[in-house]
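The structure appears below as structure tokens.
The values are calculated or read from the model by the stated rules, or taken from the named source; none is laboratory data. Given the structure is predicted, the values throughout are model-derived calculations rather than measurements. Because the Cβ atoms are built from the backbone with ideal geometry, glycine has one as well, and the counts that use them run over all protein chains shown. Protein only, heavy atoms only, side chains kept; ligands, DNA and RNA dropped before computing areas. Shrake-Rupley method; radii C 1.70, N 1.55, O 1.52, S 1.80 Å.
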Amino acid sequence: MKMSLRELKVCLLGDTGVGKSSIVCRFVEDSFDPNINPTIGASFMTKTVQYQNELHKFLIWDTAGQERFRALAPMYYRGSAAAIIVYDITKEESFLTLKNWVKELHQHGPSNIVVAIAGDKCDVSDAREVLEKDAKDYADSIHAIFVETSAKNAININEIFTEISQKIPLLERSETGVRGLKLRREQSDLTRERTCC
């Protein structure tokens, strides 16, 4: 049986060291490297998953968190179906930075972009500086997806991408594209590609 394939561009934003690359590597490769190097500019990975009667091919841009790369971010979130903004639950400052990313997305990002907030490193909750309730209340206030994740322990990593799929409207059979996303026919075998991590 053939299924519709949709390409969904997703960008990850947030401070350096919050766990963006680890989330992507856990999702795409189911791996975790505690000594992963900081991303330079951006890295790109893809993974295709089945969602209902469609295949969703996530085109994932993992952007660098260092301040000197901040100006590059718009070229990654423009045209994105979703943005995952990551903060570290043990660093309150990273949560404040997240709010700045939200403002920037609302001002300059696509009007229909799906926003997801991920509080990473929930495996070290004894060092928590950001309360889960505070983060969830904030996410609710901006109508964003919210999950606490642990790339290290593989907690809620697949779930955040599943929730993104749920927020993207399903295509009608007569449609050839929606929201600027490409649609084509492809065999239903699940594929993974890796170009960088």
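Okay, here's what the table says:
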item	result
Over segment 1-86: Rg over Rh, Cα atoms, Kirkwood Rh	1.01
Top positive-direction residue, dipole computed over segment 4-167 with Cβ charges, set Thr97, Leu12, Ile145	Leu12
Proximal charge balance of Ala127 [Cβ under 11 Å; K/R count +1, D/E count -1]	-1
Charge dipole magnitude, Cβ of K and R +1, D and E -1 - the chain, Cα centre, debye nearest 20	860
Solvent-accessible heavy-atom area per residue, rounded to whole Å², over the chain at 1.4 Å	50
Debye intensity ratio in log₁₀ form over the Cα atoms of segment 44-84, taken at each q of 0.30 Å⁻¹	-1.10
Size-normalised alpha-carbon gyration radius of segment 126-172, reference 2.2 N^0.38 Å	1.38
The chain: calculated mean residue ellipticity at 222 nm from DSSP helix runs of at least 4, using -39500 (n - 2.57)	-8000 deg cm²/dmol
Debye equation applied to the C-alpha atoms of segment 1-49, log10 I(q)/I(0) at 0.26 Å⁻¹	-1.13
Compactness relative to 2.2 N^0.38 Å, alpha carbon Rg of segment 4-167	0.95
Accessible area of the chain belonging to carbon and sulfur atoms, whole % at 1.4 Å probe	48
